[in-house]
Amino acid sequence: MAIQRGNPWKAFSSGPLIAPSLLACNFACMGPQLDAVIAAGAEVLHVDIMDGHFVPNLSMGPPVAKSIRQYTDHPMDVHLMVTDPAYYIERFADVGADSITFHIEATDQPQKLIDRLHERGLGAGITLKPGTPAEAIKDVVATVDMVLVMTVEPGYGGQKFMEPMLPKIAAIRKMLRDDQRLQVDGGIQPATAALCAAHGADVFVAGENIFGSGDIPRAVRELREAATRR
Ligand code: DX5
Ligand code: ZN
């Protein structure tokens, strides 16, 4: 599948998008696992960046994203779980991110960050922790390409999906235009993806469910089937 670089939230006109979270892959053999998720049809690579401060865990930094970019042209969405998104937006844009998502809780100047992402030709995403209400993004929501509703506390993969997030997903879908995407991240597997889709989500991040499955093509296929609203 030939995919164009650029803002991934504008590149696919409709239908659910599957975004494997590389946090759950085996870092000692990332290349073959990238090949596997791409061959399975996953549209976007989800790269979780944790600074050990905004969340109590460390993950990867710009050199890893650079290696991914050198390996594949596939769309790369960076989820920044960091205290200083303004600094890291530049670092990850420099190494080839196609979209960057930052936390509303981490900045007083969300519009400035969104505008900067667009100036650099990237997709702009904004995200909310489970305890942050939908209204927190109301001033900037019209200008983003994607909203990510966290369905676990950010920081770790393999956590249980938080069902109380479903009304927030529905509320945020009402705030969005048809050309804006709504992503969910945390505890996503077929059953929870179906619930999120029914409430308006259309981008599905999954780590453990894909990389821990032992059968990546099947995991991606089953997630897509569950996420396709009928
Ligand atoms: C959590 C990360 C997620 C995580 C999802 O802080 O943002 O992207 O990797 O992992 P699973 O799908 O295993 O819950
Ligand atoms: Zn994430």
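Could you list SER213, SER14 so that the one with the fewest beta carbons within 10 Å of its beta carbon is first and the one with the most is last?
SER14, SER213
For the residue pair ARG177 and ALA198, what label-to-label distance in nm results when each label sits 7 Å from Cα along the Cα-to-beta-carbon direction?
Result for the modelled spin labels: 3.0 nm.
Given labels modelled 7 Å from the Cα in the Cβ direction, how far is it in nm from TYR87 to HIS53?
Label at TYR87, label at HIS53, 0.5 nm between them.
Would you mind ranking LYS66, LYS138 so that the residue whose beta carbon has the fewest other beta carbons within 10 Å leads the list?
LYS138, LYS66
Just for the Cα atoms in the chain, what are the lengths along the principal axes, largest first, rounded to whole Å?
Sorted largest first, the three principal extents are 42, 39, 34 Å.
Could you list GLU208, GLU135, GLU153 in order of exposure, starting from the residue whose Cβ has the fewest other Cβ atoms within 10 Å?
Lowest to highest Cβ neighbour count: GLU135, GLU153, GLU208.
Quick one: among GLN70, GLN189, GLN180, which has the greatest mean-square fluctuation in a GNM of the chain with alpha-carbon springs under 10 angstrom?
Greatest mean-square fluctuation among the candidates belongs to GLN70.
With each label point set 7 Å from Cα along the Cα-Cβ vector, what nm distance links ASP139 and ALA191?
4.1
Can you give the charge dipole size of the range 13-114 about its Cα centre, rounded to the nearest 20 debye, using +1 on the beta carbon of Lys and Arg and -1 on the beta carbon of Asp and Glu?
Roughly 140 debye, rounded to the nearest 20.
Among DSSP beta bridges lying fully in the chain, give the percent that are antiparallel, nearest 5.
Here the antiparallel bridges make up roughly 5 percent for the chain.
No lab work stands behind these numbers, since they all come straight from the coordinates. Quick caveat: nothing in here was measured; it's all calculated off a predicted structure. Virtual Cβ from ideal backbone geometry, glycine too; neighbours counted across all protein chains shown.
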